[in-house]
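Some notes on the structure that comes next.
Laboratory data are not the source of any read-out in this text; all were calculated from the coordinates shown. Everything quoted here is computed from the prediction, not taken from an experiment. When we count neighbours, we look across all protein chains shown, and the Cβ atoms used for this are built from the backbone with ideal geometry, even at glycine.
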């Protein structure tokens, strides 16, 4: 089944999207680097952004899941958003994560992102409550969107954690009322769900949130991906996207298989810590994770470099602050 075989969006759904230009391409959900004292290394944020933009990524997502947002205080998240926007300097879109259990805190973060000059904000249903009703979930978004109905908003679907699933019916109801919802990030890694979102919400920018699903997403009609591994290997998701867009789908699938293989290697280690270690090799500045995550041991660092070298991947300093 292809995206065009799916039923079109609900006939009663009439939306005039706030932003004319759709978001598309490979966006990278940037890491939040910490120093040995567990303090945020803002200079390395600037450094990694220069690295990513230099590689040609189409956009940046800051304070997302990959950025350890739940390990940051509210003030830290604001400073990371501001640092990111200032470092990007308008060269690519910046989507600011505004995830929170508190709708009031989410409003605060969205408003701050807008004031700083971010392009859009990303919100998802509260992640602490186990079984809120559909009405409760709708009301959570309603209370946010009533206050931030002029700034572009992405919604996040995270069904791999059942309490964070965002049902299409809820999105439809929100779209009937708010025209500043411009996109969806789907982390399901399930072709059936990706097809559903791409088919139902053609007027929105639909992104997959898994490096393993970039090809399947494009094949289903999505607009691109929000990548985690793009932090350290941006050329890999970019090759999948660019090759697919050029019409060479067979080669794009080969590129996807290559990225899946690398991800499988990294998952043999604490994944976030492995990314931080490799980021250190690129920027020339040590980068660590905050508890409860743990950093790689010396042995793990050595083994990771050996295994990646067997894949023909050698990490070396490419940019310094």
Point to revise | Rel. contact order, % - alpha carbon contacts under 8 angstrom, at least six apart, segment 25-75 | key: 53 percent
**Study point:** Acute angle (nearest 10 degrees) that the helix 42-55 long axis makes with the longest principal axis of the chain, alpha-carbon atoms
**Key:** 80 degrees
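For a footprinting-style exposure proxy, rank 63, 156, 116 by other Cβ within 10 Å, fewest first. Walk me through the intermediate numbers first.
Values: 63 28, 156 22, 116 17.
Ascending Cβ contact count within 10 Å gives the list 116, 156, 63.
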Check your understanding: For 133, 297, what ranking results if the residue with the fewest other Cβ atoms within 10 Å of its Cβ goes first?
Key -> 133, 297
Check your understanding: Which value in Å does the Kirkwood hydrodynamic radius of segment 108-210 take, with 1/r averaged over all unlike C-alpha pairs and then inverted?
Key -> 14.0 Å
Check your understanding: Under Stokes-Einstein, with the Kirkwood radius over Cα pairs standing in for Rh, what whole-number D in µm²/s applies to the chain at 20 °C and 1.002 mPa s?
Key -> 107 µm²/s
Point to revise | With Cα atoms, 0 to 90° folded angle of helix 74-88 axis to the chain main axis | key: 80 degrees
Review point. Does a label point 7 Å from the Cα of residue 271, set along Cα-to-beta-carbon, have any residues of segment 219-235 with amide nitrogen under 12 Å, and which are they?
Key: 227-230
Exercise for review: Order by neighbour count: 127, 311, 154, 34, fewest other Cβ atoms within 10 Å first, most last.
Suggested key: 311, 127, 34, 154
Point to revise | DSSP bridge pairs, the chain: antiparallel proportion in percent, nearest 5 | key: 5 percent
Review point. Between residue 212 and residue 303, what is the label-to-label distance in nm when each label sits 7 Å out along the Cα-to-Cβ direction?
Key: 2.1 nm
**Study point:** Projected label distance in nm at residue 133 and residue 313, using a 7 Å step from Cα toward the beta-carbon
**Key:** 4.7 nm
Practice item. Before anything else, pin down the relative contact order of segment 3-270: Cα pairs under 8 Å, at least 6 apart, normalised by residue count, whole percent. Key: 21 percent
Study note, to complete from the structure: Extension length gain for residue 235 and residue 169 (0.36 nm per residue less Cα distance), in nm, is 20.1 nm
Revision key, fill the gap. Segment 239-321: relative contact order from alpha carbon pairs under 8 Å, six or more residues apart, as a whole percent, is 27 percent
**Study point:** Most to least packed among 246-254, 134-142, 23-31, 215-223 [average Cβ atoms within 10 Å]
**Key:** 23-31, 215-223, 134-142, 246-254
Check your understanding: Just the C-alpha atoms of segment 35-93: what Rg/Rh do they give, with Rh taken as the Kirkwood radius?
Key -> 0.96
Exercise for review: Express in whole angstrom the spacing between the alpha-carbon centres of segment 170-233 and segment 39-99.
Suggested key: 21 Å
Review point. How far, in nm, would the chain grow between residue 55 and residue 264 when pulled straight, counting 0.36 nm per residue and subtracting the alpha carbon separation?
Key: 72.9 nm
